[in-house]
Amino acid sequence: MDRSDLYDKMADRKMKPKDFEPYDGHNGRVNKAVNLIRQGKLRNSGTLLDVGGGIGDLGYAVRDLFSNRITMDISFKSLEAAVAKGNFGILADVDKEGFGSGVHRIPDTTVDLICALDFIEHIVDPEHFARECYRVLKPSGEVFINTPNIRYWKHIDQLWRAGRFPHTSGDREVYHGGHLAFYTYSDLREIFEPAGFTSVEQIKDEEGYHNPPSPYVDGFKLSSQQEYARLMLELGCPNLLYKAIVTK
């Protein structure tokens, strides 16, 4: 099955008439990004690029802050809803085309903030994605990634005790819901820093955080309270909230 057909099929199952209406706050990952933007923890003006942005809820939710809001997605059906919310839509398979092609290719150094919420786990070449982020971001522009944390202690527990690799998606059209890769915070650093980014300390997933039990922590030799806090964060968060700043 072609990937665009797969994600259109998912859209057919998920989409409802209300998806073409103003965002009502029902999406947790969108709400996390919106809160970080409004708190000033992410860039909050200029041009926003929401990669894998689906029906465009993020762009709609921060329309008062960003003068330009671009939603990029592989699904034409999802983009119809994004455009209905006032976003500029770009249909693209990022693995094949990068950030658009032809007249819809995003120009270099034109974007202030890139958000990719539950996106990077769906692509084949995250290093190419990181280079595209660097290409289009302005100096000191930011990228924000939300992706499942495979180091989350409950995922480790499932693999260790049940002998089953954890499922990090609820979609069932294909195995693992189309998730092709699984990441830790260190993995994201190794992808983005060589592309020209400076990583910012991992942001805590306040809503989903669960303290890891002592067996998951006791085996580590930690030399400082800072190392302990970082370990608890990396083991206790079901989702990675990763921010990096471009260095140009």
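The values are calculated or read from the model by the stated rules, or taken from the named source; none is laboratory data. Model, not experiment: these values are computed from the prediction. In this analysis, Cβ positions are derived from the backbone assuming ideal geometry, glycine residues included, and neighbour counts consider all displayed protein chains.
Asp205 versus (1) part of a loop (DSSP other than H, G, I, E, B); (2) over 22 Å from Tyr7 (Cβ atoms); (3) out of contact with any Cys (no Cβ under 6 Å at 6 or more places or on another chain); (4) not small (Gly, Ala, Ser): which is the lone unmet condition?
Just one mismatch for Asp205, condition (3).
Hey, can you tell me all the residues within the stretch 200-248 that are modelled with pLDDT of 90 or more, hydroxyl-bearing (Ser, Thr, Tyr) and in contact with a strand residue (DSSP E or B) (Cβ under 9 Å, 6 or more places away or on another chain)?
Matches in the stretch 200-248: Tyr242 only.
Restricting the first residue to the stretch 221-248 and requiring it to be within 20 Å of Arg131 (Cα to Cα), which pairs with a second residue that is surrounded by 12 or more Cβ atoms within 10 Å (Cβ to Cβ) and among the aliphatic types (A, V, I, L, M) meet a Cβ separation below 6 Å and a spacing of at least six or different chains?
As it stands, the answer is Leu241/Ile203; Tyr242/Ile145; Tyr242/Leu188; Lys243/Val200; Ala244/Val143; Val246/Leu137, since those pairs meet every condition given.
Give the residues of the stretch 162-200 that are within 17 Å of the chain's Cα centre (by Cα), within 30 Å of Ala11 (Cβ to Cβ), assigned to a loop (DSSP other than H, G, I, E, B) and among the hydrophobic types (A, V, I, L, M, F, W, C), sorted by residue number.
Selection gives Leu180, Ala181, Phe182.
Do any residues in the stretch 83-94 that are closer than 12 Å to Ile55 by Cα have Cβ atoms under 6 Å from those of residues that are assigned to a helix (DSSP H, G or I) and among the polar types (S, T, N, Q), where the two are at least six apart or on different chains, and which pairs are they?
none
Going by the conditions given, is Pro126 surrounded by fewer than 23 Cβ atoms within 10 Å (Cβ to Cβ) and under 23 Å from Leu42 (Cα atoms)?
no
Collect the residues in the stretch 107-118 that are in contact with a strand residue (DSSP E or B) (Cβ under 8 Å, 6 or more places away or on another chain) and either over 16 Å from Leu58 (Cβ atoms) or surrounded by fewer than 24 Cβ atoms within 10 Å (Cβ to Cβ) (or both), keeping them in residue-number order.
Of everything in the stretch 107-118, those that are in contact with a strand residue (DSSP E or B) (Cβ under 8 Å, 6 or more places away or on another chain) and either over 16 Å from Leu58 (Cβ atoms) or surrounded by fewer than 24 Cβ atoms within 10 Å (Cβ to Cβ) (or both) turn out to be Thr109, Thr110, Asp112, Asp118.
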